[in-house]
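The following block contains the structure, expressed as structure tokens.
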Amino acid sequence: MSGVTLRSINKTFGATSVLSDVSLDVGEVEFLTLLGPSGCGKSTLLRIVAGLETHDSGEVSIGGRPVDHLRPRERDVAMVFQSYALYPHMTVAQNIAVPLTMRRLRPWQRLPLVGAVVRSVRERRAEIDADVRRAADALEIEPLLDRKPSQLSGGQRQRVALARAMVRQPRAFLMDEPLSNLDAALRVQARAEIADLHRRLRTTFVYVTHDQSEAMTMSDRIAVMMGGRLLQVASPGTIYDSPADLRVAVFIGSPRINTLDGIAREGGMVEAGGIAFPLNSGLLAGASLTVAFRAEHADIAPASDANGEGLPGEIRQVENLGADVFVHVACRGSAQPVIVRVTPDGGYGLARGQPVRVRPILARILLFAPDGRRIEARP
Ligand SMILES: Nc1ncnc2c1ncn2[C@@H]1O[C@H](COP(=O)(O)OP(=O)(O)OP(=O)(O)O)[C@@H](O)[C@H]1O
Ligand SMILES: [Mg+2]
């Protein structure tokens, strides 16, 4: 059985298409992240799953059951927003209890006096209290239960929102940038907490972010989205090492992947940056393509290297980050400097203005067609 299934979802706002033919299968116990730049349609897609937004065509299923005709509260999903949407006049305990009181108590049973007099209501309230305590305990916010949201830090509010999502044991958790209001240190901690929560609850998580380090560290799989389309859905490792599209390769990874304009040549060669690489692109000689490699997949050799291997260039900047040194080299065929990661020892003696050669590892070079599609180099 699958957690969340999307089939050919399309959505337009007025004349603008926001989602085009989005199909996706999220496993029952999978942590899937929708990752993409601002405005690419992530929130809209998540809201369609939650039933907060309608789609023009396509199908949404949750737990193997079509939910297109169901209202949000009938879909058995919990949504956590960036803003947390806590009720300011209620205590933490009351906030966490909201989904349970809505579900288990009729409107008249929620009146304060009734609870005190009617026994069945008193019992049901005690159950709700116990569930709230369990969720608070899991997220270590028990000492905060009597406070109001205004008396909490950003990280604590975020945990209250998670606890509220957790109490009703939903079929799937839908999270829209829940960490974006936290400062950098807290984000790293909260990221680990959410990943841990997923491991304990063993249920479907669909998580939206435009932060690639969040996506890389938390997810089983990442769905990279741009312009309302899914470009690639794969594990973080595959997305990084084997991007299916140039836009994915460029979006993922810091520093940005190096790209050079190249041309396919006779005899299984590709020319870029003034040298020829023995890479068989399978394209006709003369066809243009993009040659790409990551900063850690190249090294720097002296310009006078007898073999004369590598891309000739000139050092523009040596950026020392302590553990890593990034050397920026102006090379032919690349609009931006090519960036090479070296160790602090390897960076010793390198200086601005020095002529060098950049030697990419041949097996780690990626080729892309003019339309951005990845080309597998043939042996
Ligand atoms: N109610 C609406 N009416 C018209 N256009 C909308 C509406 N909601 C969203 N859009 C547009 O749809 C596109 C996708 O928006 P969406 O909020 O899904 O993006 P996002 O990927 O979540 O971006 P961000 O990372 O900034 O949150 C944007 O161009 C946005 O302006
Ligand atoms: Mg959004």
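Calculated FRET efficiency, residue 7 and residue 70, Cβ-Cβ r, R0 25 Å, to nearest 0.05?
Efficiency for this residue pair is about 0.95.
Can you give the FRET efficiency to the nearest 0.05 for residue 296 and residue 29, using r as the Cβ-Cβ distance and R₀ = 35 Å?
0.60
A further question on this structure: May I ask what percent, to the nearest 5, of DSSP beta bridges between residues of the stretch 2-246 are antiparallel?
Here the share of antiparallel DSSP bridges comes out near 55 percent.
Taking 0.36 nm per intervening residue step and subtracting the Cα-Cα distance, what contour gain separates residue 199 from residue 332 on full extension?
43.1 nm
Moving on. Give the calculated FRET efficiency between residue 147 and residue 119 to the nearest 0.05, with a Förster radius of 41 Å applied to their Cβ-Cβ distance.
0.85
On to the next question. By how many nm would the segment from residue 285 to residue 250 lengthen if fully extended, with 0.36 nm per residue of separation less the alpha-carbon distance?
Extra length from residue 285 to residue 250 when fully extended: 10.0 nm.
Residues of the stretch 316-345 with amide nitrogen under 16 Å from the 7 Å Cα-to-Cβ point of residue 188?
Zone members listed by number: 321-324.
Residue 140 to residue 217: extension gain in nm, 0.36 nm per residue of separation minus the Cα-Cα distance?
Extra length from residue 140 to residue 217 when fully extended: 25.5 nm.
Go through 36, 15, 99 and say which Cα lies farthest out towards the positive end of the charge dipole of the stretch 1-101; charges sit on Cβ, +1 for Lys and Arg, -1 for Asp and Glu.
Among 36, 15, 99, the one farthest towards the positive end of the dipole of the stretch 1-101 is 99.
Note down the relative contact order for the chain as a percent, whole number, built from C-alpha pairs under 8 angstrom at least six residues apart.
Rounded, it is 16 percent for the chain.
Using Cα pairs closer than 8 Å and at least 6 residues apart in sequence, work out the relative contact order for the stretch 251-379, in percent.
So the answer I get is 28 percent.
Have a look at 310, 64, 51 and tell me which one the Gaussian network model of the chain (Cα, springs below 10 Å) gives the largest fluctuation.
Looking only at 310, 64, 51, the biggest GNM fluctuation is shown by 64.
In square nanometres and to one decimal, what's the mean projected area of the convex hull around the Cα atoms of the chain?
Across all orientations, the chain yields a mean hull projection of 23.9 nm².
Right, next: Once every DSSP H run of n ≥ 4 in the chain is given -39500 (n - 2.57) and the sum is divided by its residues, what mean residue ellipticity at 222 nm do you get, rounded to the nearest 500 deg cm²/dmol?
Taken over the chain, the calculation gives -8000 deg cm²/dmol.
Roughly how many Å is it from the Cα centre of the stretch 195-247 to that of the stretch 118-171, as a whole number?
With the stretch 195-247 and the stretch 118-171 each reduced to a Cα centre, they are spaced 29 Å.
Another question, then. What is the angle, in °, between the Cα long axis of helix 154-166 and the longest principal axis of the Cα atoms in the chain? Nearest 10 is fine, range 0 to 90.
For 154-166 against the chain, the angle is about 60 degrees.
Every number in this text was worked out from the coordinates using simple rules, so none of it is lab data. As the structure is a computational prediction, the values presented were derived from the model and not from experiment. Glycine also receives a Cβ, built like all others from the backbone with ideal geometry; neighbour counts cover every protein chain displayed.
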